[in-house]
1. With unit charges on the beta carbon (Lys/Arg positive, Asp/Glu negative), name the residue among Gln160, Leu221, Gly82 whose Cα is farthest towards the positive pole of the charge dipole of the chain.
2. So for each of 227-238, 111-122, 24-35, 55-66 I average, over its residues, the number of other beta carbons within 10 Å; can you give me the resulting order with the highest mean first?
3. Can you give the helix-only mean residue ellipticity at 222 nm for the chain, where every DSSP H stretch with n ≥ 4 adds -39500 (n - 2.57) and the sum goes over all residues, rounded to the nearest 500 deg cm²/dmol?
4. So, in nm, how far is label Ile162 from label Leu104 when the simple model puts each one 7 Å beyond its Cα toward the Cβ?
5. As an exercise, use a Förster radius of 45 Å and the Cβ-Cβ distance of Ala57 and Glu228 to find the FRET efficiency, rounded to the nearest 0.05.
6. Sort Lys130, Lys168 from largest to smallest accessible area, using a 1.4 Å probe on the heavy atoms of the protein chains.
7. In Å², and per residue, what accessible area does segment 18-75 have when probed at 1.4 Å with the other protein chains present?
8. If the chain between Gln115 and Glu95 were fully stretched, how many nm would it gain, using 0.36 nm times the residue separation less the Cα-Cα distance?
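The values are calculated or read from the model by the stated rules, or taken from the named source; none is laboratory data. Since this is a predicted model, take the numbers as computed values, not measurements. Quick reminder, even Gly has a Cβ in these numbers, built from the backbone with ideal geometry, and neighbours come from all protein chains shown. Calculation scope for accessible area: heavy atoms of the full protein, side chains included, ligands and nucleic acids excluded. Shrake-Rupley method; radii C 1.70, N 1.55, O 1.52, S 1.80 Å.
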Amino acid sequence: MIRLAIALLIGTTLAAPAWAEPTLALRDDVTQGAMVRGATSAGAAVTMNGQSLPVSAEGAFVFAVARAFEGDVTLRATDVDGSTAELIVPVANREFEVQRIDGLPQDKVTPPRTQEVQDRIWQDVVQIRKGRGVESQRTDFTEAFLWPVDGIVTGVFGSQRILNGTPKSPHSGLDIAGDTGTSVLAPAGGVVTLWHPDMYFTGGTLIVDHGHGITSTFIHLSDTLVAEGDVVTQGQAIAKVGATGRATGPHLHWSMNWGKVRIDPQLLLPERNATK
């Protein structure tokens with residue numbers, strides 16, 4: 001009887017597979033403008049359409065889909081033993097609004113072509129790129145994001161902007177109305193990578209790194225409550241609403257990026273406010 005039990009145990013061991021496919025699952029809908037969080041087996045490597053993605057020790061990863069992207073997203077996970085899993089997901093298309101905004105200072109819509117102004121704008125671009133160019137190993141992006149301001153939504157991501165009658169690039173983020181001085185709360189934890197009190201277009205500008213190339217940019221601020229290098233926690237007051245830069249009134253503009261890819265922050269938030 002003992003010999004039979006040993007034989008059955010050996011047979012079971014030999015019949016078991018030597019490897020199994022790694023886990024590959026997504027947490028968010030794959031749609032234009034979306035930040036998509038995923039999970040894989042610890043130690044596995046992940047690519048998205050051939051691009052390698054950072055993966056945390058626990059197997060968390062993230063990517064984003066551009067506003068104008070059409071087609072499929074192909075994800076591939078490769079485990080340490082060489083086994084693979086693949087997931088092909090069609091990107092859902094969206095319809096975007098057209099928004100007209102009048103009453104802006106004309107020099108903010110079409111800047112003077114003086115060397116001084118052009119140099120200032122370029123310096124702002126360089127600093128913002130640097131603030132968004134961080135690819136830390138933080139995983140704050142895995143948190144359930146919070147509304148940074150309690151106010152009416154006055155501008156949505158992706159809408160075609162017509163400023164003082166001049167067509168401009170699509171709106172890059174989410175606008176939320178608020179009185180000057182209203183506290184801006186961190187929608188997720190992170191590290192402050194930039195604070196500038198007076199950029200040409202964006203005025204008071206604050207950038208927070210959430211990890212793996214995901215950043216939040218808060219603009220038109222009247223003041224900051226944090227400094228570059230500070231670690232912030234979700235829900236912490238980090239800045240104050242203002243009307244600095246190219247703005248017709250006090251509000252928070254919140255944009256998000258995955259590297260150079262723009263993200264719609266509202267897709268990450270619980271339904272609460274109606275668009276004005």
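1. Result: Gln160, furthest along the dipole toward the positive end.
2. Working: 227-238: 14.7, 111-122: 11.1, 24-35: 17.8, 55-66: 20.0.
My ranking of the peptides, most packed first, is 55-66, 24-35, 227-238, 111-122.
3. Values: 3 runs with 36 residues, N = 276.
-4000 deg cm²/dmol, from helical runs alone.
4. 1.4 nm
5. Working: r = 27 Å, r/R0 = 0.60.
For Ala57 and Glu228, the calculated efficiency is 0.95.
6. Numbers: Lys130 165, Lys168 65 Å².
In descending accessible area the options line up as Lys130, Lys168.
7. 45 Å²
8. Values: separation 20, 0.36 × 20 = 7.20 nm, distance 3.87 nm.
Difference between extended and current length: 3.3 nm.
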